[in-house]
Amino acid sequence: MSEEKKSLNFLEQIVEEDLANGMPKENLRFRFPPEPNGYLHIGHTKAIGISFGLGEKYNAPVNLRFDDTNPAKEEQEYVDAIKRDVAWLGYQWEKECYSSDYFQQLYDWAVQLIKDGKAYVDNQSSEAMAEQKGTPTQPGVAGPNRDKSVEENLDLFTRMKNGEFEEGSHVLRAKIDMASPNMLMRDPIMYRILKKEHHRTGSDWVIYPMYDWTHGESDYIEQISHSLCSLEFKPHRELYNWFRDNVYEYSQSEYPLPPKQREFSRLNLSYTVMSKRKLMKLVEEGIVSGWDDPRMPTISGLRRRGYTPASIRSFVETVGVSKRENVIDVALLEFKIREDLNKTANRVMAVLDPVKVVIDNYPEDQEEILIAENNPEDENSGTREVPFSREIYIEREDFREEANKKFFRLKLGKEVRLKNAYFITANSVEKDENGNITVIHCTYDPLTKSGSGTEESKRKVKGTLHWVSVKHAVKAEVRAYDRLFSDEAPDSHKDKDFMEFLNPSSLEKITAYVEPSLQTAQIGDRFQFQRLGYFNVDDDSTSESLVFNKIVGLRDNWAKKNK
């Protein structure tokens with residue numbers, strides 16, 4: 001096998017083999033087919049990346065198709081959100097399609113299957129049908145309606161379509177094999193009655209096609225060459241092919257290309273739930289503020305949190321394409337955004353847990369403007385002005401009255417460097433009635449100004465602290481996020497509900513002080529708060545009231561674990 005062949009993932013190999021076996025390259029067409037019953041989440045990014053990635057690799061069109069066959073759960077809001085998310089990730093679809101566009105064609109094909117004796121109307125209860133289906137080890141048995149005449153089935157199906165029956169009273173079933181070892185082949189339901197408004201077709205239809213019937217035939221109508229889906233659909237492939245082949249018999253002149261289904265492993269992430277139903281529960285019960293809550297694994301939530309399209313795409317590429325289910329450590333996703341923002345985010349100073357420092361020998365009425373580099377990783381990022389004065393804030397944890405030799409931050413009698421400024425030495429403290437430090441008194445060495453070039457400024461000192469001038473500080477709200485769940489696999493416990501593993505400390509709101517350059521920051525702007533982590537401006541932020549989300553800390557656990 002050539003090196004090029006080895007480097008291809010198994011889906012690319014399938015495409016290459018089909019091309020080598022005579023498939024014209026212009027026949028390649030892929031699709032991403034979400035159901036609009038919720039917001040896309042990080043798990044969907046793998047399916048998105050695979051289909052659109054193949055489209056980019058082979059310069060082939062990719063459809064964005066909404067499998068909208070359940071009006072009870074689907075809404076236009078979700079359609080709009082999905083389009084926004086896919087576009088934000090940087091992908092472009094050729095056609096925007098809807099399964100509902102094919103309702104008439106699907107109905108006509110169902111009628112043809114009835115005429116061919118391959119489908120029938122069943123009015124049994126769901127319990128009776130389930131009992132007749134048997135078990136994985138026992139074959140099913142034919143129900144009382146399986147051998148009705150074609151005429152009777154056509155009449156009943158027409159009456160179903162005309163709304164003459166109540167919901168749940170009748171279904172259309174494919175007539176396949178009640179003894180098949182694949183239970184999905186034991187006369188699956190093709191249509192059910194749902195008297196609900198559809199977000200696109202309104203009240204035109206009261207019967208709606210089931211997923212297995214709709215999905216494959218939509219692929220066929222759109223002439224999708226490779227129908228790529230996650231592993232849970234592998235048992236469905238036999239049914240996919242049965243529907244496809246039976247429709248192909250009398251539609252091949254109009255639709256000459258029968259699609260091929262192939263499966264890949266899902267993207268599962270630690271400390272996360274991926275089920276739309278469970279994510280919906282978090283929203284409906286007010287555990288989170290909405291689908292775009294920055295703790296949510298939705299693409300909308302990740303975008304609001306401050307993740308970039310580049311970081312998510314890089315994450316998906318690193319995860320790769322496989323046939324085996326596994327759980328990806330969320331630390332890899334955090335590593336990817338940290339890697340991206342290290343190159344692109346400007347450095348600024350912010351203090352999240354402030355304690356005041358008074359520099360006693362700095363003139364009381366003096367202020368000066370210091371020049372700070374925006375991003376040492378980007379030579380074109382420029383510089384900014386940072387005001388300095390006699391009183392500053394530093395982080396409370398950056399000072400101890402007494403500490404051992406391993407504590408390199410500020411302590412009494414010891415010297416540290418203030419970032420972009422001077423060396424200071426702590427001399428004494430003031431405390432309140434509870435013994436809490438309220439003010440740290442220091443002195444500074446005026447010959448140690450950063451960038452001044454003096455011998456004193458080149459003196460070695462182990463600790464460097466970030467700070468903000470009290471007089472110029474801008475108050476801001478910082479939302480510090482932790483993982484929403486305390487358990488690595490919150491929905492894997494058979495004896496416990498996933499809600500039992502909610503992390504009560506997943507959100508902490510902090511009043512912080514930031515440097516004045518951030519006063520003009522816009523929603524979505526991302527920064528590195530030096531020594532603290534990466535943050536972005538939240539949607540709730542205004543010019544009068546800044547709000548920042550913590551995207552990720554500076555510590556990189558994933559890279560350390562994978563050295």
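The values are calculated or read from the model by the stated rules, or taken from the named source; none is laboratory data. Values in this document were obtained by computation on a predicted structure and should not be read as measured data. Neighbour counts are summed over all protein chains in view; Cβ atoms, including those assigned to glycine, are modelled from backbone coordinates with ideal geometry. Keep in mind that these areas ignore ligands, DNA and RNA; they rest on the heavy atoms of the full protein, side chains included. Shrake-Rupley method; radii C 1.70, N 1.55, O 1.52, S 1.80 Å.
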Eligible aspartates and glutamates near LYS161 by straight Cα distance, threshold 12 Å, same-chain separation 8 or greater: ASP108, ASP204
Once you charge only the Cβ atoms, +1 for Lys and Arg and -1 for Asp and Glu, what is the size of the charge dipole of segment 5-112 about its Cα centre, to the nearest 20 debye? 460 debye
What is the sum of charges, Lys and Arg at +1 and Asp and Glu at -1, for the other residues whose Cβ falls under 12 Å from the Cβ of PHE407? +3
Accessible area of MET183, 1.4 Å probe, to the nearest 10 Å²? 60 Å²
At 1.4 Å probe size, what's the solvent-accessible area of SER253? Round to the nearest 10 Å². 120 Å²
As computed over segment 438-563, the Cα convex hull volume per residue (Å³): 203 Å³
How big is segment 10-58 along each principal axis, measuring the range of its Cα positions in Å and listing the largest first? 40, 18, 14
For segment 163-223, the fraction of alpha-carbon pairs in successive 5 Å shells from zero, as %: 4, 17, 18, 21, 20, 12, 6, 2
Per the helix-only model, the chain has a calculated mean residue ellipticity at 222 nm (DSSP H runs of ≥4, -39500 (n - 2.57) each, divided over all residues, rounded to the nearest 500) of -7500 deg cm²/dmol
Would you kindly work out the equivalent ellipsoid of segment 219-269 from its C-alpha gyration tensor and give its semi-axes, the square roots of five times the eigenvalues, largest first in whole Å? 25, 12, 6
With every protein chain left in place, what is the accessible area of SER428 in Å² (1.4 Å probe, nearest 10)? 50 Å²
Compute the accessible area per residue over the chain, keeping the other protein chains in place, probe 1.4 Å, unit Å². 47 Å²
Straight-line reach only, C-alpha to C-alpha below 17 angstrom: list the lysines that LYS260 could link to, leaving out same-chain residues fewer than 8 apart. LYS25, LYS234, LYS323
Please grab the % of Cα pairs in segment 255-371 that end up more than 17 Å from each other. 72 percent
Ignoring any ligand, DNA or RNA, what whole percent of the accessible area of the chain comes from carbon and sulfur when the probe is 1.4 angstrom? 45 percent
If you average 1/r across every pair of different Cα atoms in segment 67-127 and take the reciprocal, what Kirkwood value do you get, in Å? 14.9 Å
Enumerate the whole-percent occupancy of each 10 Å bin, from 0 to the last occupied one, for all C-alpha pair distances of segment 119-224. 14, 41, 34, 11, 0
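Nearest 0.05, what FRET efficiency do ILE371 and ASN342 give at R0 = 22 Å with Cβ-Cβ as r?
Working from the Cβ atoms, E equals 0.50.
Sum up the charges of everything whose Cβ sits under 11 Å from the Cβ of ALA372, counting Lys and Arg as +1 and Asp and Glu as -1, but leave ALA372 out.
So the surrounding residues net to 0.
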Let me check I've understood the local charge: for PRO36, count other residues with C-beta under 11 angstrom from its C-beta, Lys and Arg +1, Asp and Glu -1. What total comes out? -2
Overall Cα dimensions of segment 287-343, principal axis frame, Å, largest first: 35, 31, 16
Explain nothing, just the number: relative contact order of segment 243-386, from Cα pairs under 8 Å at least 6 residues apart, as a whole percent. 18 percent
Could you tell me what % of all Cα pairs in segment 146-288 have separations over 20 Å? 63 percent
Largest first and in whole Å, what are the equivalent-ellipsoid semi-axes of the chain based on the Cα gyration tensor, each being the root of 5 times an eigenvalue? 62, 25, 20
Ignoring ligands, DNA and RNA, how do TRP213, TRP242 rank by accessible area with a 1.4 Å probe, largest first? TRP242, TRP213
Cα-based Rg and Dmax for segment 230-296, in Å, come out at 19.2, 53
Name the lysines eligible as straight-distance cross-link partners of LYS278: C-alpha to C-alpha under 19 Å, and not fewer than 8 places from it in the same chain. LYS73, LYS494, LYS496
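What does the convex hull of the alpha-carbon atoms of segment 372-494 project to on average, in nm²?
Directional mean of the projected Cα hull area for segment 372-494 stands at 13.1 nm².
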Percent relative contact order of segment 4-136, based on C-alpha pairs within less than 8 angstrom and at least six residues apart? 22 percent
So if I take the centroid of the Cα atoms in segment 297-336 and the same for segment 83-154, what is the distance between those two points in Å? 35 Å
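Note down, for segment 512-553, the three equivalent ellipsoid semi-axes (square root of 5 times each alpha carbon gyration tensor eigenvalue), biggest first, whole angstrom. Kindly include the intermediate steps, with their values, before the conclusion.
Numbers: eigenvalues 50, 27, 13 Å².
The answer is 16, 12, 8 Å, longest axis first.
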Over 22 Å apart: what share of the alpha carbon pairs of segment 1-159 falls there, rounded to a whole percent? 63 percent
So which GluC sites (Glu not before Pro) in segment 117-206 end up in coil per DSSP with only 13 or fewer other C-beta atoms within 10 Å? GLU164, GLU166, GLU167, GLU197
